[in-house]
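The values are calculated or read from the model by the stated rules, or taken from the named source; none is laboratory data. Small disclaimer: the values here were computed from a predicted structure and weren't measured. Here the Cβ is made from the backbone with ideal geometry for all residues, glycine too, and neighbour counts use every protein chain on show. We work out accessible area using only protein heavy atoms, side chains counted, and drop any ligands, DNA or RNA first. Shrake-Rupley method; radii C 1.70, N 1.55, O 1.52, S 1.80 Å.
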Amino acid sequence: MRLEQLQAFLAIAQTGSFQKAAQKCGVTQSTISRQIQSLEADLGVELFHRTNQSKLTLGGERLLPRARKICQEWETATQEITDLVAGKQPELCIAAIHSVCGSYLPPVLQKFCRDYPDVQLRVTSLGSDRALKVLKDGLVDLAIVMNNRFLTTGREMVVEVLYDEPIELLIAANHPLAQYELVPWSELVRYPQVVFKDGYGMQRLIQDKFERLEANLQAALEVNTLDAFRGVVRQGELIALLPTSALVEARLDPTLAVRSLAGSGSLSDNSSLSRRVVMVTTQDRLQIPPIKHFWQLVRENIPLQFAHQRSAS
């Protein structure tokens, strides 16, 4: 059974004539006749009484509503695909890490909404691992996350490096570590920390660093919002390691202090700590105009200092 057979069947049922159905379908009458004969052979029943009016048989009456539904579904599907390729999708779903949502995305979102006013933009703030999972599950169109090569590999994945940024220390303004301009790791590892919950790339990055240092990470508390980090650290005892982009508001808060990190000769790993932020989607999605446009807007609106870091990396 082929779609054109059902379309021929519907045309005859509507016009009551093989000849008129052929004109409606833009084919010859003999072609219409062959399509119906083939359909009847597949079904094992005649569909029309061969009279001047070509009335439906009982089998034809049973087939009619089903054929209408099948053809309507096909028309709807083809129209949706056509609209998708033309950029007429109803919504664009983005998943991004908290720091990006709060700092770099707002101007991008504003420009996109102006350029595509008919596309509903939906942005969800998620940890990197969760964001990549919902992307792979098809629940979002694009993710901006901390890089995790184990989750971004695959022939269908497109990964754009946006920038590398340093990890810095967030502490209360009166914390003992505030005396340092560059905080040595040998001092930092002595204090309990506030960390991101499991599933966030930052938690994994910090844990790996402490393992290389052969030091014990005293994870006293897990949170998942930047407001929570600031609120807890402000109390005085706990400290937090966060990327530069997550510390914009903290720098303006007199009760908090932000310090850069330094190496320490007493520990085995003196390297600096940074994270790489990437934008991820799939090959097929990047062909859709709104998604492609959003992708380009993100690239064009990376803050200048990070754009330099990307070009140098």
| said: Please go through (1) surrounded by fewer than 20 Cβ atoms within 10 Å (Cβ to Cβ); (2) over 26 Å from Ala250 (Cα atoms) for Lys197 and return the number of the only condition it doesn't satisfy. | reply: (2)
| message | Being surrounded by 15 or more Cβ atoms within 10 Å (Cβ to Cβ), closer than 29 Å to Pro184 by Cα and at pLDDT 90 or above is true for just one of Leu252, Leu256, Leu297. Which residue is that? | response | Leu256
| Just one of Pro192, Pro166, Pro184 is under 17 Å from Val277 (Cα atoms) and either in contact with a strand residue (DSSP E or B) (Cβ under 7 Å, 6 or more places away or on another chain) or open to solvent by less than 10 Å² (accessible area, probe 1.4 Å) (or both); which is it? | Pro166
| said: I need every pair where a residue in the stretch 273-286 that is buried (at least 21 other Cβ atoms within 10 Å of the Cβ) has its Cβ under 6 Å from the Cβ of a residue that is part of a loop (DSSP other than H, G, I, E, B) and small (Gly, Ala, Ser), sequence separation at least 6 or different chains. | reply: none
| task | Could you tell me whether the stretch 25-36 includes any residue that is hydrophobic (A, V, I, L, M, F, W, C), at pLDDT 90 or above, more than 48 Å from the chain's Cα centre (by Cα) and in a loop (DSSP other than H, G, I, E, B)? | result | no
| message | Test of understanding: among Ala22, Ala41, which residue is of a type in the set (A, V, I, L, M), surrounded by fewer than 17 Cβ atoms within 10 Å (Cβ to Cβ) and either without any contact (Cβ under 8 Å) to a residue 12 or more places away in the chain or not in a helix (DSSP H, G or I) (or both)? | response | Ala41
| message | Condition first: surrounded by 14 or more Cβ atoms within 10 Å (Cβ to Cβ) and of a type in the set (S, T, N, Q). Now tell me which residues in the stretch 208-229 satisfy that. | response | Gln218, Asn224
| request: Go through the stretch 137-146 and count every residue that is open to solvent by 60 Å² or more (accessible area, probe 1.4 Å) and in contact (Cβ under 8 Å) with a residue 12 or more places away in the chain. | output: 1
| message | Looking at the structure I just gave you, is Lys69 in contact with a His (Cβ under 6 Å, 6 or more places away or on another chain), open to solvent by 70 Å² or more (accessible area, probe 1.4 Å) and over 30 Å from Gly154 (Cα atoms)? | response | no
